[in-house]
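The structure follows.
The values are calculated or read from the model by the stated rules, or taken from the named source; none is laboratory data. These numbers come from a predicted model, not from an experiment. Reconstructed Cβ throughout: ideal geometry from the backbone, glycine too, with neighbour counts over all protein chains shown. Calculation scope for accessible area: heavy atoms of the full protein, side chains included, ligands and nucleic acids excluded. Shrake-Rupley method; radii C 1.70, N 1.55, O 1.52, S 1.80 Å.
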Amino acid sequence: MTSSVGHPRAAYWIEHLGLEVLEGESGWWTGRFRSAVDVNGAGGPSVACNAIYYLLEPSRPINAWHWLASDDTHVLIEGGPVEYIVAAADGVVSRSVVNGGANPMISIPAGSHKALRLTAPDSFALIGSVVAPAWTPERVRVEPPALRERPPWLTDDLMRRLTTGA
């Protein structure tokens, strides 16, 4: 399973945590916690939150555009940096870099589209993610945002890569 992984620490974490390929979005993941508390939020009934490990590495350096009905907080555990591109519900597009220094965490508001990518092609990033209310298939859409305006740095090529995960 890890023979095609392009970074030795990534291969270690994939094996150690039992990460699997995340189809559609790309990258590697495994679930670690699912709350027992029921909630009824804007996206319908769910449990309060869930937590996962998520990993990007050279053979899967991009987490493709997807929309979540829930808030999503990521903490960089090891590796990075990772660039986050977020299209908020109001259409404003921003980008942030999460790193192991002064900016190890990012929270993406519910109703936003996000994509993320490694900033260095030979690096990796192990991320902890908490989604509240919890992730369910009905609360996610793997799709690019419909943008009225794009900032100049969000080129056609970058949009294509963030949409396909390649």
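Got a sec? Which of Arg117, Arg95 is at negative phi, open to solvent by 20 Å² or more (accessible area, probe 1.4 Å) and within 11 Å of the chain's Cα centre (by Cα)?
Going through Arg117, Arg95 in turn, just one is at negative phi, open to solvent by 20 Å² or more (accessible area, probe 1.4 Å) and within 11 Å of the chain's Cα centre (by Cα): Arg117.
Which residue, of Ser107, Ser123, is under 19 Å from Glu25 (Cα atoms), among the hydroxyl-bearing types (Ser, Thr, Tyr), touching a strand residue (DSSP E or B) at 6+ places or on another chain (Cβ under 9 Å) and not in a loop (DSSP other than H, G, I, E, B)?
Ser107
Does the range 145-161 include one or more residues that are within 25 Å of Leu19 (Cα to Cα), open to solvent by 50 Å² or more (accessible area, probe 1.4 Å), of a type outside the set (Ser, Thr, Tyr) and over 15 Å from the mean Cα position of the chain (by Cα)?
The answer is no, given that none of the residues of the range 145-161 is within 25 Å of Leu19 (Cα to Cα), open to solvent by 50 Å² or more (accessible area, probe 1.4 Å), of a type outside the set (Ser, Thr, Tyr) and over 15 Å from the mean Cα position of the chain (by Cα).
Please go through the range 21-36 and give me each residue that is among the acidic types (Asp, Glu) and over 10 Å from the mean Cα position of the chain (by Cα), ordered by number.
Glu23
I need the full set of residues from the range 126-137 which are part of a loop (DSSP other than H, G, I, E, B) and within 13 Å of Thr30 (Cα to Cα), in order please.
Listed by number, the list holds a single entry, Trp135.
Another one. State which residue is surrounded by the fewest Cβ atoms within 10 Å (Cβ to Cβ) when the search covers only the range 40-64 and only residues that are touching a strand residue (DSSP E or B) at 6+ places or on another chain (Cβ under 7 Å) and assigned to a loop (DSSP other than H, G, I, E, B).
Ala48
Can I ask one more? Could you say which residue among Ile62, Ile108, Ile85 is more than 19 Å from Arg160 (Cα to Cα), within 12 Å of the chain's Cα centre (by Cα) and of a type in the set (A, V, I, L, M)?
Ile108
Take the residues in the range 65-84 that are farther than 18 Å from Ala132 by Cα and either out of contact with any Pro (no Cβ under 8 Å at 6 or more places or on another chain) or outside any strand (DSSP E or B) (or both), then tell me which one is modelled with the lowest pLDDT.
Here the residue is Gly80.
So Ile52 clears everything in (1) over 30 Å from Pro151 (Cα atoms); (2) over 13 Å from the mean Cα position of the chain (by Cα) except one condition, right? Which one?
(2)
Among the residues of the range 120-135, which ones are open to solvent by less than 20 Å² (accessible area, probe 1.4 Å) and over 12 Å from the mean Cα position of the chain (by Cα)?
Residues satisfying the conditions are Ser123, Phe124, Ala134.
Let me ask something else. Can you tell me which residue is most open to solvent (accessible area, probe 1.4 Å) among those in the range 78-92 that are closer than 20 Å to His66 by Cβ and acidic (Asp, Glu)?
Asp90
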